[in-house]
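We did not get these values from a lab; they are worked out from the coordinates using the rules stated. Since we're looking at a predicted model, the values are computed, not measured. Cβ: placed from backbone, ideal geometry, glycine included. Neighbour counts: every protein chain shown.
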Amino acid sequence: MRGHEGSPLDGLRVLDLTRVIAGPTATRILGALGADVLRIDPPSVPEDPDTFVDMGFDKRSLTFDFRDSKCLAVFDRLAAEADVVVTGYRPGALEGLGVGEILDSYPHLIRISVSAWGVEGPWGTWNGFDSIVQAACGVAHLYRDSESGSPGALPVQALDYATGYYMAAEVLSALAKQQRNGSATISELALSRTADALFERPVSPGPKQALQSCDMITRNSPYGQLKFVLPPFDLPSKPLVYKRVPPAYGSALPQWR
């Protein structure tokens, strides 16, 4: 890690190979904490625009075709100079493109990955999303309609967001460990494990608390005027804020700051 200036993670270089919600939630928080986050997407499969904007704060955006040997060579250079790699594709997908081999060649990298079901067992190579995992793990049964018996769902993609914050915490823990003994961490998280963790938490008795209203921030961006909430927690001495609005898709150069 390369020094500390104004924010806890100033100088940290993060390669973001994630999509949709869980992984991007983690890297959005790392960016808010000061990391230089380079998000890489395949040009042939662009992210949903609304999701990209929501998750694009404090990041830079690249488009790479990993089937192109020239792009792989550029990625190799970026990985050599990175500190952290966060991945969120189906287990085995990046390895099939040669990305895994590149990452394996840099033992200094902290590597944090997320999948739906984990990488072992009969579902280890399957795709999956929050709502599917809710159904498979019993959340849909727990929240079923009392009259019709139809399966239900949590009011938000709670497994995605909770796993994303777990991932960000895992990066911070791995950085502390690396500073103590120099070793890098490889961690694999799964939405299904987060579902298990939520089931293990005790149910609070009594009526549920209503959500408090949030302060909204308005900023101009490449996507027009955005109105958004700040990160869900603060630093010990000051509020945690997003310093940069979401970038134009694919607008960054393939280099670190």
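Computed quantities for the displayed model
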{"item": "Residue satisfying all of: in segment 91-118; loosely packed, with under 14 Cβ neighbours inside 10 Å and part of a loop (DSSP other than H, G, I, E, B); farthest from the chain's Cα centre (by Cα) among these", "result": "Ser105"}
{"item": "Search result, residues across segment 143-174 that are over 19 Å from the mean Cα position of the chain (by Cα) and loosely packed, with under 13 Cβ neighbours inside 10 Å", "result": "Asp145, Ser146, Glu147, Ser148, Gly149, Ser150, Pro155"}
{"item": "Members of segment 19-46 that are touching a strand residue (DSSP E or B) at 6+ places or on another chain (Cβ under 6 Å), within 21 Å of Tyr165 (Cβ to Cβ) and in a loop (DSSP other than H, G, I, E, B)", "result": "Ala35"}
{"item": "Every pair of residues 6+ apart whose Cβ atoms lie under 7 Å, when the first sits in segment 239-251 and is under 13 Å from Ile217 (Cβ atoms) while the second is outside any loop (DSSP other than H, G, I, E, B) and charged (D, E, K, R)", "result": "Val245/Arg219"}
{"item": "Of residues in segment 121-142 being over 21 Å from the mean Cα position of the chain (by Cα) and in a loop (DSSP other than H, G, I, E, B), the one nearest to Gln157 (Cα to Cα)", "result": "Gly138"}
{"item": "Qualifying position, being surrounded by 20 or more Cβ atoms within 10 Å (Cβ to Cβ), closer than 21 Å to Leu159 by Cα and touching an Asp or Glu at 6+ places or on another chain (Cβ under 8 Å), among Thr25, Thr87, Thr18", "result": "Thr25"}
{"item": "Filter result (touching an Asp or Glu at 6+ places or on another chain (Cβ under 9 Å) and either hydroxyl-bearing (Ser, Thr, Tyr) or surrounded by fewer than 20 Cβ atoms within 10 Å (Cβ to Cβ) (or both)) within segment 48-70", "result": "Ser61, Thr63"}
{"item": "Checklist (1) loosely packed, with under 10 Cβ neighbours inside 10 Å; (2) under 30 Å from Leu142 (Cβ atoms); (3) not polar (S, T, N, Q) applied to Asp215, failing item", "result": "(2)"}
{"item": "Filtered residues of segment 207-257 (kept if under 18 Å from Ala32 (Cα atoms), among the polar types (S, T, N, Q) and either assigned to a loop (DSSP other than H, G, I, E, B) or touching a Gly at 6+ places or on another chain (Cβ under 7 Å) (or both))", "result": "Ser237"}
{"item": "Residue among Ala197, Ala174 that alone is assigned to a helix (DSSP H, G or I) and touching a residue at least 40 places away in the same chain (Cβ under 8 Å)", "result": "Ala174"}
